[in-house]
């Protein structure tokens, strides 16, 4: 079985944006995603108690083009006003065709 | 009942004492912490229980009794954020973004404070109108809506109206409260009898556990009081008093009972910390949560549940 080099895009954001972010990444070509609840503190605000709302960590495996498009859209729609972190890593995955 | 005995009975209720325990536990650095998801579980229970019991009570009365109070509630809900915004901006020197965010919290209502008010009146066997929980549901959204529209007008905020409306009407608080109301209303006495041991019998106990958690969070946020400034602290105490008095006068004018007037006062005085923060986080993301959460949770909520409830009841009694 061969390995494909693809991009893992990770987005950490306020959970109120969950639905919007999922719709955004799907519209740009992401085939799926993995999501978990995240806690932490940063320059925008702290999310250390449930009452303050939670953060989500949303990950998706995509091609380089889709990863670029996702980051551009995030920059345009969210970076200025929302507490949101995004980063991209190179990953080697089996069955790479599932993700592109 | 005089002010003193009302105050004692409010301060010595298990809910208020549990709230204080939460604060003390934080101050002595106890490792007490609720497990993940419990806060949300308790919230779901409380909101649904308040809606459900309200819907059941609403099914027992003719609906036309509710029209005038509903209009009065809407009217207050829409107006409170308007003057709150201008006061915060002009005298508190807050920028438009933060002023609108705080105004949204005061325009909306706190279901838990309402739950406390009901527990307070029930304990003293004071009657109130059956449609009060429905009034709570009606007053939850307009205040937030008004404040978000003000934010749109006075800031460079670009959140679409559609996404604001969607957030307001689909957030868990609204769905549980209004959903519970409808279920309680439709299922009537027969339905109520089936589930009342859970939603009525356990209500105060669960409210007590909820307030312990609120106390824990409040305790951790107490030091934020220094960051928000004296104006917001005074605003968080005086505005509820003014709003409550205004609502009690309106309540008297539209023919509410003393208990009903007091609850209407509590609704006007309370600041939301479930629906409003969620809406503000999505619609006014630049607003600083330290201001709006500290005001609603660390200043107004403790004031309302300790001194506020007996005080509003005493004010209501002055008019009867």
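Which members of the range A:18-57 meet the condition of being at pLDDT 85 or above and in contact with a helix residue (DSSP H, G or I) (Cβ under 7 Å, 6 or more places away or on another chain)?
Once the filter is applied, which keeps residues that are at pLDDT 85 or above and in contact with a helix residue (DSSP H, G or I) (Cβ under 7 Å, 6 or more places away or on another chain), the range A:18-57 yields A:24, A:25, A:28, A:29, A:30, A:31, A:33, A:55, A:56.
In the range B:218-320, which helices (runs of 4 or more DSSP H) lie fully inside it and hold 3 or more residues that are modelled with pLDDT under 90 and within 14 Å of chain A (Cβ to nearest Cβ)? Walk me through it before giving the result.
On the way: elements: B:225-253, B:258-269, B:275-283, B:289-293, B:309-318.
By residue number, B:275-283.
List, please: which pairs have Cβ atoms under 7 Å, are six or more places apart or on different chains, and start with a residue in the range B:70-82 that is on the phi < 0 side of the Ramachandran plot and end with one that is surrounded by fewer than 16 Cβ atoms within 10 Å (Cβ to Cβ)?
Listed by first residue and then by second, the contacts come to B:72/B:254.
Just give me the residues in the range B:151-176 being closer than 19 Å to residue B:268 by Cα and either away from chain A (no Cβ under 13 Å) or outside any helix (DSSP H, G or I) (or both), in sequence order.
B:174
Regarding the range B:109-121, can at least one residue be identified that is surrounded by 20 or more Cβ atoms within 10 Å (Cβ to Cβ) and farther than 22 Å from residue B:9 by Cα?
yes
Confirm whether residue B:208 is within 14 Å of chain A (Cβ to nearest Cβ), touching a helix residue (DSSP H, G or I) at 6+ places or on another chain (Cβ under 8 Å) and in contact (Cβ under 8 Å) with a residue 60 or more places away in the chain.
No: the conditions fail for residue B:208.
Considering only chain A, give the strands (runs of 3 or more DSSP E) lying wholly within it that have at least 2 residues that are surrounded by 14 or more Cβ atoms within 10 Å (Cβ to Cβ), without any contact (Cβ under 8 Å) to a residue 60 or more places away in the chain and more than 11 Å from chain B (Cβ to nearest Cβ). Can you show your working first?
Values: elements: A:3-14, A:34-38, A:55-62, A:84-94.
Because the criterion is at least 2 residues that are surrounded by 14 or more Cβ atoms within 10 Å (Cβ to Cβ), without any contact (Cβ under 8 Å) to a residue 60 or more places away in the chain and more than 11 Å from chain B (Cβ to nearest Cβ), the strands (runs of 3 or more DSSP E) in chain A that meet it are A:34-38, A:55-62.
Answer yes or no as to whether residue B:44 is within 14 Å of another protein chain (Cβ to nearest Cβ), touching a residue at least 24 places away in the same chain (Cβ under 8 Å) and surrounded by fewer than 20 Cβ atoms within 10 Å (Cβ to Cβ). Show your work before the answer.
On the way: within 14 Å of another protein chain (Cβ to nearest Cβ): yes; touching a residue at least 24 places away in the same chain (Cβ under 8 Å): yes; surrounded by fewer than 20 Cβ atoms within 10 Å (Cβ to Cβ): yes.
Answer is yes for this residue.
The values are calculated or read from the model by the stated rules, or taken from the named source; none is laboratory data. All of these numbers come straight from a predicted model, not from anything done at the bench. Counting neighbours? That spans all protein chains shown, and the Cβs are built from the backbone with ideal geometry, glycine included.
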